[in-house]
Amino acid sequence: MNIDYRPVNRVTIPIAGSMLTNATTTDAFAGKKFFGSFDFTQGFWQLPLHEASREIFTFITEDGVFTPNRVPQGATDSALHFQGEMQRLQAPLIPHPALVWVDDVILFAPTVSEFVEVLGHFFSLVAAAKMKLNVSKCSLFKMEVLWCGRLISGAGIRHDPDRVGALSTLPLPATIADLQYFVCAINWLQDSLSDYARMIAPLQEKLAAEKKHVGGRSRNALNVATVWAVPEQAASEAMLSLVRDSALMASPNPDAELLVFTDASLSGYSIVVTQVVNWDPELPVAKQQHQMIFCKGGMFKHNELNWTIVEKEAYPVVKACQDLVFLLLRPRGFRLYCDHANLVYIFAPHNALKKHVRDRLQRWAMRLCGLHYTIEHIAGEDNIWADIISRWRAREVVRVAAVQTRCQRASPLAAISPLRPMSDAEFVFPTLDDICEAQHAAGQEQSRLRVTLKEEDGIVTVEDRPWIPNRARELLARIFVVAHTGAQGHRGQEPMVTLLQRHFWIARITEKVSAFVRG
């Protein structure tokens, strides 16, 4: 029998409360070797319902009028009330060596003897409260235990392989409701997906557009077929590929070096937190043995897209120090890395900056007060951790769209690494010989140019600048990579065009640079 509690919920004032989050519980499991998980039988029904609330939950059937005496599942306050009661019941064990998520309890200890002691204490608390456990869903003395959909061990937290495997093999959603379910399911994994924000964006945009089109939000309203364009199909496949590669999130070690990497591009930002247990001061940070703790990426939206490069570089630094204070507030402090060469300007802006920019950065800098940290510059080619999230492009999406629709030219970056191209093992700086060879291979393209050409030392020039043929896509890609890499970060479209026009003559240069910057 199903009971509709929506009329009751509409007149219920929700109680205030909070639930545990995955990010804030990881440190509790560090160094633990033995685990146990427990589930309460019909958990909500084991709590009595207050007499003052019984009448409002009364329901009528053809067999009569029934008034519940136990907490019903589905009421507005049921979950938080049960969570609060369980935390009160297990208060002597929380947060070490127990954690509670509604009716799911996890126990953990570093040794067998300590685990047995914790187990006895837990059973005595349950017996005193006259609660009943579901034996078929309990496990003891496990090295790794499934709790709240995640596998917990002393090494860290990872998602259930069965769940990840099932999700990664799902067919293309046939209806809008299926698409909504797919997006929500993947959202559960986002903390362990290195490029979540960028990869999910096309699917979220499609879902929002479909919802707006049908004009409803209920599952019945959304249970209509949806048509997938080729780029959208490729985006879905890329998202599933990312799900299959979800990372193990290590438990924070208080004795390890904690490192925060941030990076920003024109359209997005990234935050990656790692730890190095055996820190070697003689090795550069890129050579240390990192363990992933947390990763987060996001897209700049609305007015944020108009921020200056300095503001975009500063934003993930401040957001990390604000949102991850539970990780960063530690006696050893943490190391903050950013590939912005003039990072000092972010936190001590000088008078050369515009007033509205300077004021915003000063307000942001105040949020870092109270944290113990050191800021270090990291070369762009070494900032791979954060750069993966802020700049990674789904190259498969672009290639499939170009081949199938024939409406988009192949990107000149097709053969270059999408992360740090200048660090690619096969990357070679362009030379005059390369330009000369490309000009000879251009065929009839030179004769079709409507500009004055000159030849100097075997190099065809226009307005005293070497001419780069349109057909020389690989050479153009290498030149664009060099022009895109600035001393203080990556150049945008206009600075790139200005720099390139100073040294080369390239037809439709603005169009080509725009396509390059968009990826």
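The values are calculated or read from the model by the stated rules, or taken from the named source; none is laboratory data. These numbers were taken from a predicted model, which means no experiment stands behind them. Please note: Cβ atoms are built from the backbone with ideal geometry, for glycine as well, and neighbour counts cover all protein chains shown.
Using the structure shown, decide if ARG420 is modelled with pLDDT of 80 or more and of a type in the set (Lys, Arg). For ARG420, the condition - modelled with pLDDT of 80 or more and of a type in the set (Lys, Arg) - is not met. Scanning segment 92-151 for residues that are among the basic types (Lys, Arg) and more than 29 Å from the chain's Cα centre (by Cα) turns up LYS130, LYS132, LYS137, LYS142.
Within segment 178-186, one or more residues are among the charged types (D, E, K, R) and more than 30 Å from THR262 (Cβ to Cβ).
Output the residue which, of all residues in segment 60-99 that are touching a helix residue (DSSP H, G or I) at 6+ places or on another chain (Cβ under 8 Å) and of a type in the set (Ser, Thr, Tyr), is modelled with the highest pLDDT. The residue in question is THR67. Among the residues of segment 10-43, those identified as within 26 Å of ASP255 (Cβ to Cβ), aliphatic (A, V, I, L, M) and either outside any helix (DSSP H, G or I) or touching a helix residue (DSSP H, G or I) at 6+ places or on another chain (Cβ under 9 Å) (or both) are LEU20, ALA23, ALA30. Please work out if LEU222 is in contact (Cβ under 8 Å) with a residue 60 or more places away in the chain and either more than 22 Å from ALA320 (Cβ to Cβ) or surrounded by fewer than 20 Cβ atoms within 10 Å (Cβ to Cβ) (or both). Here the answer is no, as LEU222 does not meet what is asked. Within segment 168-199, restricting attention to residues that are hydroxyl-bearing (Ser, Thr, Tyr) and part of a helix (DSSP H, G or I), the residue that is nearest to GLN233 (Cα to Cα) is SER168.
For segment 295-314, the set of residues classified as surrounded by fewer than 22 Cβ atoms within 10 Å (Cβ to Cβ) and touching a residue at least 40 places away in the same chain (Cβ under 8 Å) consists of GLY298, MET299, THR308, ILE309, GLU311, listed by residue number. Just one residue in the set GLU511, GLU445 is farther than 30 Å from SER236 by Cα and at pLDDT 80 or above; that residue is GLU445. Please give the number of the condition GLY215 fails out of (1) surrounded by fewer than 15 Cβ atoms within 10 Å (Cβ to Cβ); (2) over 30 Å from GLN90 (Cα atoms); (3) touching a strand residue (DSSP E or B) at 6+ places or on another chain (Cβ under 6 Å); (4) not hydrophobic (A, V, I, L, M, F, W, C). Only one criterion is unmet by GLY215, namely (3). Among residues of segment 134-151 that are under 20 Å from GLN42 (Cβ atoms), those with a Cβ under 9 angstrom from a residue that is part of a strand (DSSP E or B) and polar (S, T, N, Q), sequence gap 6+ or separate chain, pair up as LYS137/SER37; CYS138/SER37; SER139/SER37; TRP147/SER37. Looking only at segment 346-362, decide whether some residue is in contact with a strand residue (DSSP E or B) (Cβ under 9 Å, 6 or more places away or on another chain) and either at pLDDT 85 or above or not charged (D, E, K, R) (or both). Checking segment 346-362: at least one residue is in contact with a strand residue (DSSP E or B) (Cβ under 9 Å, 6 or more places away or on another chain) and either at pLDDT 85 or above or not charged (D, E, K, R) (or both). The condition of being of a type outside the set (Phe, Trp, Tyr), modelled with pLDDT under 85 and in a loop (DSSP other than H, G, I, E, B) does not hold for SER241. Only one of the listed residues (PHE44, PHE35, PHE40) is within 31 Å of the chain's Cα centre (by Cα) and either modelled with pLDDT of 85 or more or closer than 15 Å to TRP147 by Cα (or both). That residue is PHE35.
Of note, ALA472 satisfies the criterion of being within 14 Å of ALA507 (Cβ to Cβ) and among the small types (Gly, Ala, Ser). If I filter segment 169-184 for residues that are without any contact (Cβ under 8 Å) to a residue 60 or more places away in the chain, assigned by TED's automatic domain parsing to the domain that holds TRP228, of a type in the set (Ser, Thr, Tyr) and touching a Ser or Thr at 6+ places or on another chain (Cβ under 8 Å), do I get at least one hit? Yes - at least one qualifying residue is present in segment 169-184. Within segment 82-107, being of a type in the set (Phe, Trp, Tyr) and over 12 Å from PHE38 (Cβ atoms) holds for one residue alone: PHE82.
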